[in-house]
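Visitor: Following this message is one structure expressed as structure tokens.
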Amino acid sequence: MRISIAMATYKGERFLREQLDSIARQTLPPFELVITDDSPDSGTCDVALEFARRVSFPVRVYRNERRLGIHANFFRAISLCEGDCVAFCDQDDVWMDNKLERVAQEFADPDVLLVVHGVKVVDGDLRPRDDNTASHWSHHGRYAPLTTNPWYVLFGMSAVVRRSIYDYIDWRDRPEHPIDPGYPMSHDTWAWFVATSLGNVVAIDDPLVLYRQHDDQTCGAAPDRGVGQKIQMMRVAGETHYRRMALAASRRADKLRHVSRDAPTPVRERAARAAVYYRRLGDRLQRRAGLYSAATSTVRRAGTVLRLLVSGAYRPLDQGGLGPRALLKDVYATVFRVSIERVHGPAATGVSAAGRTRR
């Protein structure tokens with residue numbers, strides 16, 4: 001199993017050596033390490049090049065001529081990888097020595113397109129935090145196509161994906177993720193979308209990365225929320241947000257209808273089924289959005305909820321539905337005439353987030 005590592009860096013010299021040293025200790029050495037640096041005026045490249053001179057596996061370092069930003073920088077690193085699989089790597093974490101060897105075992109099955117693992121949340125000095133792994137991990141075991149939460153936001157450094165999924169569907173024109181408006185889907189949310197649509201996903205509990213939290217990071221783990229906060233967040237999604245989710249689902253369906261002709265026949269067949277899944281999901285979200293319009297009467301809201309319920313729209317997320325939490329929220333909106341436009345967080349929408357926050 002040839003596993004490439006894709007690392008996108010930006011002014012990462014503070015913690016980069018520790019991350020690189022943990023890669024050097026892997027019991028299964030990587031096929032290659034590809035680093036694309038978005039800060040050529042920093043010392044990041046010097047650290048990477050010094051590392052390349054002292055390890056036995058290939059390390060290729062690329063300085064971007066202009067600033068790409070975190071998403072485009074990661075996609076560039078992935079596009080330059082030549083292995084069978086790609087492990088996403090941040091610049092400031094520490095990998096367990098057996099990370100690559102452990103995930104490689106799961107890729108013995110050719111139908112597995114993505115493997116995700118647990119993480120251990122630590123502070124800047126690698127000391128475990130109180131809000132460790134339990135609240136930031138919600139998948140366990142093996143999942144067939146379209147049997148997971150389509151809006152799940154995973155920790156990128158916890159994912160290893162087959163390189164081929166980036167060839168099946170053109171990733172350059174990506175739809176937005178509804179909890180990150182204004183930005184095309186990131187490398188990890190794209191991997192989750194394509195892999196869960198076209199193949200099997202394996203989620204293992206092993207915490208194979210120390211996920212470092214510090215003041216300079218771009219994304220981090222969200223703090224644990226109490227019951228009261230979660231209830232409040234369930235009340236604050238509005239019509240605009242659900243229409244944005246509906247549009248995102250429809251755009252995903254469009255992407256799935258344009259799978260490469262070079263993709264294997266089973267992949268194209270799964271893509272066709274996934275396109276139907278996302279089109280239906282978009283239709284349901286569009287109807288749901290009307291519940292949160294100030295112009296919709298209580299009677300019409302009740303009728304919409306009833307029709308959605310009868311049609312099976314509130315089935316669990318892993319069965320293609322909106323989920324029971326959505327039913328509870330929609331009943332609440334119907335009874336109390338909720339019509340709030342501002343979105344305060346992903347938990348308000350039925351979106352299950354791994355806890356990533358943008359800084």
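Values quoted throughout were computed directly from the atomic coordinates according to the rules given, and no laboratory measurement underlies them. This is a predicted model, so every value here is computed, not measured. Cβ atoms come from the backbone with ideal geometry, glycine included; neighbour counts cover every protein chain shown.
Visitor: Need the full-extension length gain, T265 to D111, defined as separation in residues times 0.36 nm minus the C-alpha distance. One decimal, nm.
Guide: 54.1 nm
Visitor: Between beta-carbons, use under 15 Å as the cut-off and find the net charge around L208, counting Lys and Arg +1, Asp and Glu -1.
Guide: After counting each charged neighbour, the total is -2.
Visitor: Quick one: grab Rg to one decimal and Dmax as a whole number for segment 95-194, Cα atoms only, in Å.
Guide: 14.9, 41
Visitor: Please give the FRET efficiency for E50 paired with R315, using the beta carbon to beta carbon distance and R0 = 45 Å, rounded to the nearest 0.05.
Guide: Numbers: r = 54 Å, r/R0 = 1.20.
So the FRET efficiency works out to roughly 0.25.
Visitor: Another one. Can you list the HN-Hα couplings for segment 294-304, worked out from phi with the Karplus curve (6.51, -1.76, 1.60; θ = phi - 60°), rounded to whole Hz and with x for Gly and Pro?
Guide: Whole-Hz 3J(HN,Hα) from phi for segment 294-304: 5, 7, 8, 6, 4, 4, 5, 4, 4, x, 5.
Visitor: Pull up all non-local amide H partners of V59: gap of 5 or more, or a different chain, and H-to-H distance under 5 Å with H placed in the peptide plane.
Guide: Result for V59 returns L33.
Visitor: Could you give each residue of segment 238-247 its phi-based ³J(HN,Hα) in whole Hz, using Karplus coefficients 6.51, -1.76, 1.60 with θ = phi - 60°, and x for Gly or Pro?
Guide: x, 4, 4, 5, 5, 5, 5, 5, 4, 5
Visitor: Quick check on segment 56-124: take the gyration tensor over C-alpha atoms, sort the square-rooted eigenvalues as a ≥ b ≥ c, and tell me if it's rounded (a/c under 1.5), prolate or oblate.
Guide: Verdict is oblate for segment 56-124.
Visitor: If amide hydrogens are placed 1.01 Å from N in the peptide plane, which non-local residues have theirs closer than 5 Å to the one on V122?
Guide: R129, Y211, R212, Q213
Visitor: Next up: Please list, in order along segment 322-336, the HN-Hα scalar couplings obtained from phi with the Karplus expression 6.51 cos²θ - 1.76 cosθ + 1.60 (θ = phi - 60°), rounded to whole Hz, x for Gly and Pro.
Guide: So the J values, rounded to whole Hz, are 7, x, x, 5, 5, 4, 4, 5, 5, 5, 4, 5, 5, 6, 9.
Visitor: With label points built 7 Å along Cα→Cβ from the Cα atoms of D254 and V276, find their separation and express it in nm.
Guide: Placing both labels 7 Å beyond Cα along the Cβ direction yields 2.2 nm.
Visitor: How do 260-272, 321-333, 5-17 rank on mean C-beta neighbours within 10 Å, highest first? Don't skip to the end; give the middle numbers.
Guide: Values: 260-272: 14.2, 321-333: 18.8, 5-17: 21.5.
Highest to lowest by the protection proxy: 5-17, 321-333, 260-272.
Visitor: Can I ask one more? With a sphere of radius 12 Å drawn around the Cβ of R268, what net charge do the other residues whose Cβ falls strictly inside it have (Lys, Arg +1; Asp, Glu -1)?
Guide: Charge balance near R268 sits at +2.
Visitor: Give the long-range amide H neighbours of R2: residues separated by 5 or more places, or on another chain, with amide H under 5 Å away, using H modelled in the peptide plane at 1.01 Å from N.
Guide: Hits under the 5 Å cutoff: D84, C85.
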